[in-house]
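Some notes on the structure that comes next.
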Amino acid sequence: MNNLDLILQSIKDKASTEENQIINAAKDQASSILEESSAKAKAEAEEITEKANKEAKLILENEKVSAKREARDLVISGKNQVIDEVLEKLISNLKNMDKDSYKKFVLNTIQNSNIEKGEILLQKNLKDALTETDLKGLTISDESVDEGFIIRDGKIEYDNRFSSLVKYKMDDIKKQISDSLFK
C-alpha cells in the first residue's frame, strides 16, 4: 500500500468513525426526544384525564342536586294538589251545610261584626233558614248568593261568601291543612 492508499484509508476510517459517532449521537438525540415527547404526552394525558374526572364529578353532583330539586318540587306539587282538593271540599261542605248550622254561622258573624243595619243577601237554597226577626235590624233582600251571605249597608258590602272567607284566610288554612296532613 502506498501513501496515498494509506491516507485514503485513514480518511475513510476517520469518516467511518465520525459517521458512527454522528449516527450514535443522532440515535441518542432521537431517543431523548422520543422519551421527552412520551413523558410530555403522558403528562398531558394524565392532566386531561384528571380534568375529565373532575368535570364528571361536578356533573354528577349537579345532576344529583337537580334530581333532588325535581323530587322536592314533585312532592310540593303533590302536597299543594292535596291541599287544593281539601279546600274545594271545605267550600263544598260549607255550601251544603244544614239550616241550623247556616243560621248559627250568619248570626255569629253578624254579632261579631257589630253590623246593625243594612240589607242581607242570603244563600239561595237557605233563604228560609232566617227571618228578619232573627236578624235584628237587617232586612232580607230578594236577591240571593250561591254561598254564604253578603250584607249591604249603602255602598259598603260585607262579603261573607264561603269562597271569599276561605280566600281571605287562605294562608292560615293551608298551613293548618298542611300541618294536619303532612306531619
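Quick notes
- Label positions at SER10 and LYS167, each projected 7 Å from the Cα along the C-beta direction, are separated by 12.0 nm.
- Taking a straight Cα-Cα cut-off under 16 Å and skipping sequence neighbours fewer than 8 places away in the same chain, no lysines fall within cross-link reach of LYS68.
- Amide H contacts under 5 Å for GLY148: PHE162, restricted to partners 5 or more places along the chain or on a different chain, H placed in the peptide plane at 1.01 Å from N.
- For LYS27, the lysines whose Cα falls under 29 Å of its own Cα, not counting residues fewer than eight places away in the same chain, are LYS12, LYS14, LYS40, LYS42.
- Computed 3J(HN,Hα) for region 93-99, one whole-Hz value per residue from the Karplus formula 6.51 cos²θ - 1.76 cosθ + 1.60 where θ = phi - 60°, is 5, 5, 4, 9, 5, 6, 4, glycine and proline marked x.
- Distance between modelled label sites at LYS104 and TYR158, nm, 7 Å Cα→Cβ extension: 2.0 nm
- Hz values of 3J(HN,Hα) by residue in region 67-73 - Karplus curve (6.51, -1.76, 1.60), Gly and Pro given as x: 5, 5, 5, 5, 4, 4, 5
- In the chain, helices alone account for a calculated mean residue ellipticity at 222 nm of -25500 deg cm²/dmol, with every DSSP H run of four or more residues adding -39,500 (n - 2.57).
- Once the chain from VAL82 to THR131 is taken as fully extended at 0.36 nm per residue, the excess over their C-alpha distance is 13.8 nm.
- Rg over Rh for region 120-179 works out to 1.09, using Cα positions for both radii and the Kirkwood form for Rh.
- Of SER37, SER77, SER141, the residue with the greatest mean-square motion in the GNM of the chain, using alpha carbon springs below 10 Å, is SER37.
- Per residue, the accessible area of region 1-125 comes to 82 Å² when a 1.4 Å probe rolls over the protein heavy atoms.
- Euclidean distance between Cα centres, region 1-57 to region 78-92, Å: 82 Å
- GLN123 long-range amide H proximity, modeled H, under 5 Å: VAL145
- Our coupling estimate for region 20-33, obtained by passing each phi through the Karplus curve with A = 6.51, B = -1.76, C = 1.60 and θ = phi - 60°, is 5, 5, 5, 5, 5, 5, 5, 5, 4, 5, 5, 5, 5, 4 Hz, Gly and Pro reported as x.
- The share of accessible area on region 119-183 that comes from carbon and sulfur is 47 percent, using a 1.4 angstrom probe.
- Residues of type lysines that LYS174 reaches as a straight line, Cα spacing below 22 Å, ignoring anything fewer than 8 places off in the same chain: LYS79, LYS89, LYS95, LYS183
- When the alpha carbon gyration tensor of region 66-183 is reduced to an equivalent ellipsoid, its three semi-axes come out at 37, 14, 12 angstrom, largest first.
The values are calculated or read from the model by the stated rules, or taken from the named source; none is laboratory data. Given the structure is predicted, the values throughout are model-derived calculations rather than measurements. With ideal geometry, Cβ positions are generated from the backbone for all residues, glycine too; neighbour counts draw on all protein chains shown. To get the accessible areas, we keep the full protein, side chains included, count just its heavy atoms, and leave off ligands, DNA and RNA. Shrake-Rupley method; radii C 1.70, N 1.55, O 1.52, S 1.80 Å.
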